[in-house]
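Peer 1: The structure's right below; bear with me while I get my questions together.
Nothing in this text is a laboratory measurement; each read-out follows from the coordinates by a stated rule. Quantities reported herein were computed from a predicted structural model and do not represent experimental measurements. Ideal geometry is used to build each Cβ from the backbone, glycine not excepted, and the neighbour counts take in all protein chains shown.
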Amino acid sequence: GESVGLHLPTLSVQEGDNSIINCAYSNSASDYFIWYKQESGKGPQFIIDIRSNMDKRQGQRVTVLLNKTVKHLSLQIAATQPGDSAVYFCATGGGNKLTFGTGTQLKVEL
Amino acid sequence: NAGVTQTPKFQVLKTGQSMTLQCAQDMNHEYMSWYRQDPGMGLRLIHYSVGAGITDQGEVPNGYNVSRSTTEDFPLRLLSAAPSQTSVYFCASSPGGLLYEQYFGPGTRLTVT
């Protein structure tokens, strides 16, 4: 079946460094990709999305890169701050289906 | 705007009991959905609605019912609770549908004993 997996369950970074969270997907027909942030005890919060006609999209301190050839998606967070500590997960979709990954716990060390 | 609100925040049920999880949004979104989140798994879609009076099944609909009488409200009913329904439930709404930014509520943590 279809799968979406994050490469690392946990990522630790120093405050001020850049963070890169990676996601691999299996369905080559996916044409929509999205990243969410989930803080402990809260609902997921939208970060950024990208469609398959693009390979890069930037937001405020975040960049999503899409490599359709190897079915890989990454989220880059610039100048990571303590408030960025959370679980980050990606989701990929197409047609009437959206598949969520399990998440990477980002820990920001002071 | 309050966004997406859910009640209750926590609930404990005995096997066989029924209950309704409430969800409301004040953003006038046509699309609303219910997900469950279990340890080690990604969010899974239970039911969704593309507008008042229209609902459809998601990936894991068994044991759950929904209705959508207004744009604002989208309650989820557990008909006869089972321990396998122990989970965290999230309601979401979106201005553009499934493949679009979704706004999630704070969640309901349900335990079935």
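Peer 1: I'd like the residue in the stretch A:5-64 that is free of Cβ contacts under 8 Å to residues at least 24 places away in the same chain, in a loop (DSSP other than H, G, I, E, B) and under 30 Å from B:ARG109 (Cα atoms) and, out of all such residues, is nearest to the other protein chains (Cβ to nearest Cβ).
Peer 2: Filtering the stretch A:5-64 for residues that are free of Cβ contacts under 8 Å to residues at least 24 places away in the same chain, in a loop (DSSP other than H, G, I, E, B) and under 30 Å from B:ARG109 (Cα atoms), the one nearest to the other protein chains (Cβ to nearest Cβ) comes out as A:GLY43.
Peer 1: Sort out which residues of the stretch B:100-113 are within 9 Å of another protein chain (Cβ to nearest Cβ) and in a loop (DSSP other than H, G, I, E, B), and write them in order of number.
Peer 2: B:TYR100, B:GLU101, B:GLN102, B:GLY105, B:PRO106, B:GLY107
Peer 1: Report the residue count in the stretch A:35-61 for those that are surrounded by 20 or more Cβ atoms within 10 Å (Cβ to Cβ) and small (Gly, Ala, Ser).
Peer 2: Here the count works out to 1.
Peer 1: I want to confirm something. Restricting to the stretch B:76-99 and keeping residues that are more than 8 Å from chain A (Cβ to nearest Cβ), in contact with a Ser or Thr (Cβ under 8 Å, 6 or more places away or on another chain) and not in a strand (DSSP E or B), which single residue is nearest to A:THR92 (Cα to Cα)?
Peer 2: My answer is B:THR86.
Peer 1: Out of the stretch B:13-54, which residues are aliphatic (A, V, I, L, M), surrounded by 14 or more Cβ atoms within 10 Å (Cβ to Cβ) and part of a strand (DSSP E or B)?
Peer 2: Of everything in the stretch B:13-54, those that are aliphatic (A, V, I, L, M), surrounded by 14 or more Cβ atoms within 10 Å (Cβ to Cβ) and part of a strand (DSSP E or B) turn out to be B:LEU13, B:MET19, B:LEU21, B:ALA24, B:MET32, B:LEU45, B:ILE46, B:VAL50.
Peer 1: How many residues, within the stretch B:15-38, are more than 12 Å from B:TYR89 (Cα to Cα) and aromatic (Phe, Trp, Tyr)?
Peer 2: 1
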